[in-house]
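Notes follow the structure.
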Amino acid sequence: MSEPERDFTLLDDGRPVAVSAGVREDGVRLSPRAVEALGWRLEPEGLCREGLCVPLPAGASRAAPDGISLDHLAALLDRPLALELQERAAYLGASAADRAGALASLEAPDFALPDLHGRLHSLSAQRGKKVLLVAYASW
C-alpha cells in the first residue's frame, strides 16, 4: 500500500534537500522533480548531471508513474543509503570513488570550530603549517 507524496528530508552527502516523496511497502519513491532537486535529470541516455550520464540498466524504464525508487537511485550512483522511514528522512552518502579520491589527496576536509573566546578557526586557514589536532570525548 502506498502513501501520498509528502515532504521528505534527503541529506545529499550532508546537504539537506527537502523533496516530495511517497513511502510504499517496498521503499521510497522520488518524483522526477525530486531527482532534479538533487541535481540529476532523466535523459534518454540515463541519469545525467554536468555532462556525466549514468546509463539505466537494460529494460529499466526512465521513470515509473509513481516515481523512482530511492534504493535504485542510490545503487545506480554507487552511493550508500541510510533510510529512516518513520522520520521521513534519508542520507545519501558520497560514492566510493569520491571517498577514495578524498583519501588519496591526503587533504583533510575543512571545518571550523570556536576557541574558548568564541572566535572561529578553520582548518583551511592553517594550510601549509604544521597542525596538531586534539579530540576529546567524555564518553
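Observations, loosely collected:
- Of all residues in the range 36-58, those that are within 15 Å of His72 (Cα to Cα) and touching a residue at least 12 places away in the same chain (Cβ under 8 Å) have Cβ atoms under 6 Å from Cβ atoms of residues that are assigned to a strand (DSSP E or B) and among the acidic types (Asp, Glu), 6 or more apart or on another chain, in Leu38/Asp12.
- In the range 23-48, the residues that are part of a loop (DSSP other than H, G, I, E, B) and surrounded by 14 or more Cβ atoms within 10 Å (Cβ to Cβ): Ser31, Leu38, Trp40
- Within the range 15-29, the residues that satisfy the criterion of being of a type in the set (Gly, Ala, Ser) and either within 12 Å of the chain's Cα centre (by Cα) or farther than 12 Å from Leu85 by Cβ (or both) are Ala18, Ser20.
- Per the conditions (1) loosely packed, with under 13 Cβ neighbours inside 10 Å; (2) closer than 22 Å to Arg15 by Cα, the sole criterion not satisfied by Lys130 is (2).
- Within the range 76-97, being part of a helix (DSSP H, G or I) and surrounded by fewer than 13 Cβ atoms within 10 Å (Cβ to Cβ) holds for Ala96, Ala97.
- Any hit, the range 5-14, residues being surrounded by fewer than 17 Cβ atoms within 10 Å (Cβ to Cβ) and over 13 Å from the mean Cα position of the chain (by Cα): yes
Values in this text are rule-based calculations from the coordinates and carry no lab data. Please read all numbers here as calculations on a predicted model, not as lab measurements. When we count neighbours, we look across all protein chains shown, and the Cβ atoms used for this are built from the backbone with ideal geometry, even at glycine.
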